[in-house]
Amino acid sequence: NQIILIREAYTFSNASHKGQLRKSGEPYINHPLSVASILADMKMDAVCIAAAILHDVVEDTEAGKEDIEKRFGLEISKIVDGVSKIDKNIKFLSRNEAQAENFSKMLLAMSDDLRVILVKLADRLHNMRTLKHLSDEKRRRISLETKEIFAPLAHRLGMYNIKWEMEDLCFRYLHETEYLEIKEAISLKRQEREDYISYITDYVQKLLKKEGLN
């Protein structure tokens, strides 16, 4: 049963991460649950969602790959292990766009289960969403890594919503001054648009009333 599988993955992950906190101060379990939620919105299967809930257990707790395999089976164990291997192998390359593109291709070639890549993309997206809790240096490093490797990877897979959100978040942390200027300009334009829409709405309603239409 899919619900039972996901519930068991949560129970195991929650127990394994017990006492661990994120930089924000919230319980660590909130992160894998958020990653799983992103994948659930993408209509991924129960195995992928369970693997997302478990994806940091091997790397960040005392539980091992064998524990995952014994309790949840080889399929989930392989996905979790694949995500861990990506984390271990990304010793960030030189800031070279062509090299980063080759690395993205290599990640796709290395993975015999696309769900490994999808879990990693969801993991990176949630980390980008919560980047404000890290130091400036880490924010810039992770944003650059995301811009050069993970956003292009999402693009290659046709996952444009994830790509666009990653790029927006990268821009926020890599070009903060320009980001704030654009944000302020958009905010001012929004008020203009809302005023114009309100004017048009009133005008149309008056015309309809004049013609006896409700």
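The values are calculated or read from the model by the stated rules, or taken from the named source; none is laboratory data. Model, not experiment: these values are computed from the prediction. Cβ placement follows ideal geometry from the backbone for every residue including glycine, while neighbour counts extend to all protein chains displayed. Note: areas computed on protein heavy atoms with side chains; ligands, DNA, RNA excluded. Shrake-Rupley method; radii C 1.70, N 1.55, O 1.52, S 1.80 Å.
A few notes on this one:
- When 34, 24 are screened for being open to solvent by less than 70 Å² (accessible area, probe 1.4 Å) and in a helix (DSSP H, G or I), only 34 passes.
- Selected residue [modelled with pLDDT under 85 and either charged (D, E, K, R) or in contact with a Cys (Cβ under 6 Å, 6 or more places away or on another chain) (or both)] from 105, 120: 105
- Close pairs (6 angstrom Cβ cut-off, 6 or more residues apart or separate chains): among the hydrophobic types (A, V, I, L, M, F, W, C) in region 165-180, assigned to a helix (DSSP H, G or I) and open to solvent by 70 Å² or more (accessible area, probe 1.4 Å) anywhere: 170/147
- Filtering region 37-61 to residues that are over 10 Å from residue 9 (Cβ atoms) and outside any loop (DSSP other than H, G, I, E, B) leaves 37, 38, 39, 40, 41, 48, 58, 59, 60.
- Criterion (modelled with pLDDT of 90 or more, in contact with a helix residue (DSSP H, G or I) (Cβ under 6 Å, 6 or more places away or on another chain) and part of a helix (DSSP H, G or I)) met by exactly one of 203, 173: 173
- In region 71-92, the residue that is least open to solvent (accessible area, probe 1.4 Å) out of those that are without any contact (Cβ under 8 Å) to a residue 12 or more places away in the chain and assigned to a loop (DSSP other than H, G, I, E, B) is 73.
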